[in-house]
Amino acid sequence: MELRNRQLRDIYVDLLIHYAEIYPEIVIVEADLMKALKTTLFAEKYPERVVNVGVAESNMIGVASGLSNMGKLPFTHTFTPFATRRVYDQVMLSVAYAQLNVKMVGSDPGIMAQLNGGTHMSLEDAGIMRNIPTMTIFEPVDGVQLAAMFPQIIKHYGPMYIRLLRQEFDPIFADDQVFELGKATPIIEGTDVTIFATGIMVKEALDAQKILLEKGVSASVINIHTLKPIDVDAIVKEAKKTKAVVTAENHNIINGLGSAVAEVLAENCPTVMERVGTKDHFGEVGKKDFLMEKFGLKAQNIVDAVNKVLLRKNTCCKGE
């Protein structure tokens, strides 16, 4: 399977079709957005394993729960705001409380809703799903990671929310990279500061690392692809090593990656930190580059956050 120079939605559909041949229990439940994710291709191959409920997202979750209860493995999909805040009660009760096995895909996470604007720009979706007991939250960075993790997604029993970029992605990982659900993936080892990044912010973190290196600052870059359960051991290990942490996410810093890392640090290894992400703000219409600049999601914003956290590190550690 070609994992580069493609849109992530193309890879996702190819994976669904491939694994459906192996696992006959795989079905998809959609809310009238099959063209958006190209799951029409799956429907052509397996028409009897597709349910399109129309623009009725809560019903989509109910149908998926029923299918799971009958032994099927349903993958649902809609845009992130409709996959989380619109269906919260159904996910909480019909899926998680009922201990069922539903994989819920929310596409166009964060600013990637772009020209669909504020109503479709969910900057709080991961935070919403973090609150649900037993929920797993996964966000692939690129096609390599999505493909490598897909067998684990299938074999993992329980509710899972997948933040899926539909469009082109920045290739980050080598084809032979190994990933584990719930375990962070180190990309670059550093000694002065650790940058924990997820989704599209991994590329920005790597760009920031290069800028910092030119200034004599050694930064670790760690990919947190599983927001919940978060890799406590990896976070604590890095915090003890560098004693300074920055998080970077395409999400509100409230109740997202930044909050999750802060919780780990507060309970295990109090460490100076800064959070890069949207700051308690609604989304708006715009292209990716404009929105990343608008909401402070560029590599330079990460560099600025690192400079702040290193200043605090140098003063706090000296007791000044």
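The values are calculated or read from the model by the stated rules, or taken from the named source; none is laboratory data. Please read these numbers as outputs of a predicted model, since none were measured by experiment. As a convention, Cβ positions derive from the backbone with ideal geometry for all residues, glycine included, and neighbour counts pool all protein chains shown.
May I ask you to list pairs of residues, at least six apart or on different chains, whose Cβ atoms are under 8 Å apart, with the first in the stretch 29-43 being touching a residue at least 60 places away in the same chain (Cβ under 8 Å) and the second being part of a helix (DSSP H, G or I)?
Partner pairs satisfying both residue conditions: Ala36/Arg9; Leu37/Arg9; Leu37/Tyr12; Leu37/Val13.
Quick grid of which residues meet (1) aliphatic (A, V, I, L, M); (2) over 18 Å from Leu206 (Cα atoms):
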position	(1), (2)
Ser220	no, no
Lys237	no, yes
Lys241	no, yes
Val264	yes, yes
Gly277	no, no
Asp280	no, yes
Gly286	no, yes
Leu291	yes, yes
Gln300	no, no
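Determine, yes or no, whether Val29 is in a helix (DSSP H, G or I), touching a Leu at 6+ places or on another chain (Cβ under 9 Å) and of a type outside the set (Ser, Thr, Tyr).
In short, no.
Using the structure shown, decide if Asp192 is assigned by TED's automatic domain parsing to the domain that holds Gly216, surrounded by fewer than 21 Cβ atoms within 10 Å (Cβ to Cβ) and touching a residue at least 40 places away in the same chain (Cβ under 8 Å). Break it down stepwise before answering.
Working: assigned by TED's automatic domain parsing to the domain that holds Gly216: yes; surrounded by fewer than 21 Cβ atoms within 10 Å (Cβ to Cβ): yes; touching a residue at least 40 places away in the same chain (Cβ under 8 Å): yes.
So Asp192 fits the description; yes.
For the stretch 280-292, indicate whether the set of residues that are acidic (Asp, Glu), closer than 17 Å to Gly199 by Cβ, under 21 Å from the mean Cα position of the chain (by Cα) and not in a helix (DSSP H, G or I) is non-empty.
Scanning the stretch 280-292, I find no residue that is acidic (Asp, Glu), closer than 17 Å to Gly199 by Cβ, under 21 Å from the mean Cα position of the chain (by Cα) and not in a helix (DSSP H, G or I), so the answer is no.
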